[in-house]
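In what follows, a structure is listed as structure tokens, so that the remarks can point back to it.
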Amino acid sequence: MIYLDNNATTRVADEVVDAMRPYYTEIFGNPHSAHTLGRRAHEGLERARGEVANLLNAAHDEIFFTSCGTESNALVLRGFGSNTSRRKVVVSSVEHPSVNLMVRQLADQREVEVATVGVDGAGRLDLDQMRELVDESTAIVAVMLAQNETGVIHDVASVAEIAHAKGAHLLVDAVQAAGKIPIDVGTLGADFLSISGHKFHAPKGIGALFIRRGLKLAPMWRGGGQESGLRSGTEPVALAVGLGTAARLAGAHLSDFARVRELRDAFEDQVKRATPTASVNGHGVKRLPNTSNISFEGLYGDEIVLKLDEAGICVSAGAACHSGNREPGAVMKAMHKPVAQALGTVRFSLSRFTTKEEIDHAANVTCDVVQALPNVRVSS
Ligand code: PLP
């Protein structure tokens, strides 16, 4: 099995499993218990918080554990309203549904007013439109650091300047960026920043939210007051230890992504040479080193995914196929891709564990698969 779907989720690193195990079997105390077992669990939890803080160049007390990226984003989007009378939220047109659908729900409930900033054909944010839309009524600007489908890296520092100039706060969804490129909350100008463990070799079920010191969010629920009252509920210590270990490893292995970029580029070169109708989506340079989003014009992405799966290669398609009706994906629509290209979109996403042999084999098989599939006529 060759796994090239690392933007969907990643394999948990062996060191992460090893670090977590004692917190299930021996150090299973409640981290808020006064006895030795509780104190040792507390130490593990706080060490993990420090490791996450290091990855983001944040302070220890600015990191809050959550269950996932979706929850981190929701805590901000639902929780900021208690601090301000401002009601406008500005988002990009390529945000993950955990931002997009959440703000739309809040708008339906008349809690916020949403303004959307578009992207160009290379997936880059329209900063001029951002300047027009962000105003004194804006509470939050929500922008992802790296787009999950295309890997395009956004100019978040410029967005921060625009937001802060109007007194708005910036939520950075860094779920796809964490562990793949360096993240510094100070340089980015982030007020809030979301990450998710399962995207960088920690388990599913644990994420974190950075909250700049001095900022406050209303909790989504109340209870024992854990995580400084933001997220009541006994912390999943073993999962947090897994996240902390994965964060430490991610920091140590960031330089591996130069090799990953070379593999990704070689893969794209081979596929484009063999398939003249293939085109890479997203900005050439400002892109995550592990992500390759390719449109095979005249083919259906979901059919390519199935054929690659039969050949033992895991990837994902950008277009949604519901009961036989194919729809271009929201991100390709936002980038104004022609339908015939958008429907043929496939995402290949590598990890630091991906080998040259795997990539060579995947490139050969992909070329064979797309050449064997019959062309379809798609009306725009
Ligand atoms: N934000 C981005 C950019 C993502 O890619 C994802 C997951 O794919 C999420 C948020 C949601 O993360 P989680 O699955 O941890 O809830």
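The values are calculated or read from the model by the stated rules, or taken from the named source; none is laboratory data. Since this is a predicted model, take the numbers as computed values, not measurements. Please note: Cβ atoms are built from the backbone with ideal geometry, for glycine as well, and neighbour counts cover all protein chains shown. Just the protein is used for accessible areas: all its heavy atoms, side chains included, with ligands, DNA and RNA removed. Shrake-Rupley method; radii C 1.70, N 1.55, O 1.52, S 1.80 Å.
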Along the range 357-363, Karplus-curve 3J(HN,Hα) (6.51, -1.76, 1.60; θ = phi - 60°) to the nearest Hz, with x for Gly and Pro, reads 4, 5, 5, 4, 5, 4, 5
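DSSP loop (so not H, G, I, E, B), at most 14 other Cβ within 10 Å: list which chymotrypsin sites (Phe, Trp or Tyr not before Pro) in the range 219-271 pass both filters.
On the way: sites: 221, 257, 267; in loops: 221.
Hits after loop and neighbour filter: 221.
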Straight-line reach check, residue 307, cutoff 18 Å on alpha carbons, 8 or more apart in-chain or any other chain, hits among aspartates and glutamates -> 5, 297, 358, 360, 368
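Quick check for me: using +1 on Lys/Arg Cβ and -1 on Asp/Glu Cβ, what's the dipole size of the chain about its Cα centre, in debye to the nearest 20? Provide the component values of the computation, followed by the final result.
Numbers: 39 positive and 44 negative charges, 115 e Å.
That gives a dipole near 560 debye.
Using alpha-carbon pairs under 8 Å, 6+ residues apart, how would you state the relative contact order of the chain in percent?
On the way: 807 pairs, mean separation 81.3, N = 380.
Worked out over the chain, it gives 21 percent.
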Per the helix-only model, the chain has a calculated mean residue ellipticity at 222 nm (DSSP H runs of ≥4, -39500 (n - 2.57) each, divided over all residues, rounded to the nearest 500) of -11500 deg cm²/dmol
Relative to the chain, whose Cα atoms define the longest principal axis, helix 257-274 and its Cα axis are tilted in degrees, nearest 10, by 20
Contact order relative to length for the range 1-148, counting C-alpha pairs under 8 Å separated by 6 or more residues, stands in percent at 17
With all protein chains present, the chain has a carbon and sulfur share of its accessible area (1.4 Å probe) in percent of 51
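How large is the accessible surface per residue of the chain, computed with a 1.4 Å probe and reported in Å² as a whole number?
Numbers: 15790 Å² over 380 residues.
Result: 42 Å² per residue.
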Listed by chain and number, the lysines with an alpha carbon less than 22 angstrom from that of residue 337, same-chain partners under 8 positions apart left out, are 272, 286
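Please give the FRET efficiency for residue 368 paired with residue 126, using the beta carbon to beta carbon distance and R0 = 41 Å, rounded to the nearest 0.05. Please report the intermediate quantities before stating the final value.
Values: r = 39 Å, r/R0 = 0.95.
Once rounded, the FRET efficiency stands at 0.55.
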Taking Cα atoms only, helix 301-310 is inclined relative to the longest principal axis of the chain by an angle, in degrees rounded to 10, of 90
For residue 216, counting only lysines whose alpha-carbon sits under 27 Å away and dropping same-chain residues fewer than eight positions off, the answer is 88, 166, 199, 204
